[in-house]
Amino acid sequence: MALSSSTLCHQNLTKPYYISFHKQPHILSHLQFQTPPKTLTLDPKFTITGGCKLSGHVPISGSKNSALSILAATLCCSGTSKLHGVPNLSDTRTMASILRSLGAEIEACNGEMWINADGVGSVEPCPEDIGKIRGGFFVIGPLLARFGEAVVALPGGCDIGTRPVDLYIRGLRALGAIVELGDGKVRAQAANGRGLVGGRFRLDHPSVGATETLMMAACMADGVTVLSNVAKEPEVIDLARFLTGSGACVEGAGSDTLYIKGKNQLHGSECIVPPDRIEAGTFMLAAAITRSSISMSPVIPSHVACLIDKLLAAGCKITCAHDTLEVSAVPDDVGDNLQGFDVRTCPFPGFPTDLQPQTMVLLTTCNGSSIVEETVFENRMGHVRELQKLGARIQVCGSTAVICGKEKGSALLSSQLVAKDLRGGVSLVLAGLAAEGVTEISGIAHIDRGYENLDAKLRLLGADIKRLIPLTSPL
Ligand code: EPZ
């Protein structure tokens, strides 16, 4: 990879050196499924020169959250499963490492993954890896269903709330398991010493992860399971589709009740990971925030319907043709400014909590004041303090934020920011695109967990964003 000489200077050897990635789009294909070399991985940063208009078309990657649950489900299957469109993210690589730690064989190349779990002989996945991502914990369902026991560390993931696992534990108990939580691990085993038994369980609230994990467990339980008040997210439907393709009997995905008739065995199958609705929503908001017009595909419009409604109400122009979506907020199209709006996050089909921070950035650039109420996670306002460093006028009270929109002549001004979680982190990138001057964002490893080649895709659209990677030792 060609390094630009201007980014290397040799004055002071103690200060870490940065090399800059700001080359053009061909970088997209080259990076498939390769982790950067060791010396180059210490706390990279983004620098963003704001004020650039975006234009053109951006490809949307496969869904992170669908890929994670489908990868967990391959543990239920004998033989090989083949997945297409698995995004190249640190989270999917961690999930692959979790499956390998159990004994699964995995081949991966250019977004395609072959997983064979016939060799799985352990029921305790690598605790360190589980500690990195929430989705890793989902393997407790397939392991318990297949082997009658599982020992799984408590999961990691974004620090956006307490994120307990009580619904998983009570749900598995309803399927005939003895489940104990102790020393940071959940130990579960089938009470009858053989396997799970079909049962009934009502979730207190429609947890996505608990729904997916209990669905996988029930697929290999003896008898019928009825899960009610379940999550209706598209990722739940994607998982049910994969399981059904692998021989499972799952009905009701997308509704608030699942009916699952257990089978002794499932078989490997092939599936395409659907496009990431949250990545698509993030680029739709990037267009609105920078008052630009861009198109993107593949997108399933019904998956971003809530956001489409809000952007239309704000004054954006949106067109959908097949799986291509175009968002325009160009002044010629929408007049000199967009109107603010209120948002209340809710489980699907409500407004997605994973688009809340990015939407807040848009609202700082709109006319009038707006209210954002976060109802899914109790601690998902961490990005506000960083946005305030750019001059954003946001007041937070508990899980509600009041955003004062743009006043004539006021603009966000660049600053040095720190990303603390995935979606909060990407909201800082969007704010950097709108801010006057050069914004620097550290902690971008959080962003790389959920966005494939974000900076390269933004450069494709004309943004002036660089990825700086510190060198710990001179070349
Ligand atoms: C999934 O997390 C997604 N992660 C999250 O995306 C997403 O924000 C969330 O669903 C909601 O849409 C993955 O799919 C890997 P929940 P999950 O269980 O399953 C409470 C991103 O940025 N709860 O639906 O962990 C919980 O504390 C990530 O991609 C319990 O109380 O979310 C929360 O308040 C962030 N007990 C609420 O339910 C439980 O046993 C919803 O969480 C489980 C959850």
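Computed values, structure above
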{"item": "Residue that is nearest to Ala240 (Cα to Cα) [pool: residues in region 184-223 that are part of a helix (DSSP H, G or I), out of contact with any strand residue (DSSP E or B) (no Cβ under 8 Å at 6 or more places or on another chain) and of a type outside the set (A, V, I, L, M)]", "result": "Glu212"}
{"item": "Condition met for Arg202 (within 14 Å of the ligand (Cβ to nearest atom) and either modelled with pLDDT under 95 or more than 24 Å from the chain's Cα centre (by Cα) (or both))", "result": "yes"}
{"item": "Filter result for Thr324 (surrounded by fewer than 18 Cβ atoms within 10 Å (Cβ to Cβ) and more than 26 Å from Gly450 (Cβ to Cβ))", "result": "no"}
{"item": "Check on Val376, within 18 Å of Gly424 (Cα to Cα) and either away from the ligand (no atom under 15 Å from the Cβ) or acidic (Asp, Glu) (or both)", "result": "no"}
{"item": "Residue that is farthest from Thr257 (Cα to Cα), among those in region 205-237 that are within 13 Å of the ligand (Cβ to nearest atom) and acidic (Asp, Glu)", "result": "Glu235"}
{"item": "Number of positions in region 341-369 that are of a type in the set (D, E, K, R) and away from the ligand (no atom under 16 Å from the Cβ)", "result": "1"}
{"item": "Qualifying residue in region 278-297 (condition: under 24 Å from Ala67 (Cα atoms) and among the charged types (D, E, K, R))", "result": "yes"}
{"item": "Of the criteria (1) part of a loop (DSSP other than H, G, I, E, B); (2) within 15 Å of the ligand (Cβ to nearest atom); (3) surrounded by fewer than 24 Cβ atoms within 10 Å (Cβ to Cβ), which one Lys263 fails", "result": "(2)"}
{"item": "Only listed residue being of a type outside the set (S, T, N, Q) and either under 30 Å from Ser370 (Cβ atoms) or in contact with a helix residue (DSSP H, G or I) (Cβ under 7 Å, 6 or more places away or on another chain) (or both), chosen from Ile294, Ile272", "result": "Ile294"}
{"item": "Unmet criterion (only one of (1) within 15 Å of the ligand (Cβ to nearest atom); (2) touching a residue at least 24 places away in the same chain (Cβ under 8 Å); (3) of a type outside the set (A, V, I, L, M, F, W, C)) for Asp166", "result": "(2)"}
{"item": "Members of region 125-150 found to be away from the ligand (no atom under 16 Å from the Cβ) and either modelled with pLDDT under 95 or within 25 Å of the chain's Cα centre (by Cα) (or both), listed by number", "result": "Cys126, Pro127, Glu128, Leu143"}
{"item": "Looking only at region 435-452, and only at residues there that are touching a Ser or Thr at 6+ places or on another chain (Cβ under 6 Å) and surrounded by 24 or more Cβ atoms within 10 Å (Cβ to Cβ), the one that is farthest from Cys346 (Cα to Cα)", "result": "Thr439"}
{"item": "Boolean, Ala104 is within 16 Å of the ligand (Cβ to nearest atom), without any contact (Cβ under 8 Å) to a residue 60 or more places away in the chain and of a type in the set (A, V, I, L, M, F, W, C)", "result": "no"}
{"item": "Region 71-96 residues that are closer than 21 Å to Met215 by Cα, paired with ones that are among the charged types (D, E, K, R) and assigned to a loop (DSSP other than H, G, I, E, B) (beta carbon under 8 Å, 6 or more apart)", "result": "Ser78/Asp118; Gly79/Asp118"}
{"item": "Residues of region 230-254 satisfying the condition of being assigned to a helix (DSSP H, G or I), more than 21 Å from the chain's Cα centre (by Cα) and of a type in the set (Val, Ile, Thr)", "result": "Thr244"}
{"item": "Options Ser69, Ser63, Ser81; residue that is within 16 Å of the ligand (Cβ to nearest atom), over 17 Å from Thr282 (Cβ atoms) and surrounded by 24 or more Cβ atoms within 10 Å (Cβ to Cβ)", "result": "Ser69"}
{"item": "Entirely in region 331-448, the strands (runs of 3 or more DSSP E) that have 2 or more residues that are in contact with a helix residue (DSSP H, G or I) (Cβ under 7 Å, 6 or more places away or on another chain), of a type outside the set (D, E, K, R) and under 27 Å from Asn88 (Cα atoms)", "result": "416-418, 438-442"}
{"item": "Which numbered condition Leu417 misses (of (1) among the aliphatic types (A, V, I, L, M); (2) out of contact with any Gly (no Cβ under 7 Å at 6 or more places or on another chain); (3) surrounded by fewer than 24 Cβ atoms within 10 Å (Cβ to Cβ))", "result": "(3)"}
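Residue-by-condition table, conditions (1) more than 30 Å from Ile272 (Cα to Cα); (2) β-branched (Val, Ile, Thr); (3) surrounded by 15 or more Cβ atoms within 10 Å (Cβ to Cβ):
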position	(1), (2), (3)
Ile289	yes, yes, yes
Val304	no, yes, yes
Ile308	no, yes, yes
Ala314	yes, no, yes
Ala329	yes, no, yes
Thr359	no, yes, yes
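The values are calculated or read from the model by the stated rules, or taken from the named source; none is laboratory data. The shown structure was predicted, so the numbers you read here are calculated from the model rather than taken from an experiment. Heads up, the Cβs are rebuilt from the backbone with ideal geometry, glycines too, and the neighbour counts pull from every protein chain shown.
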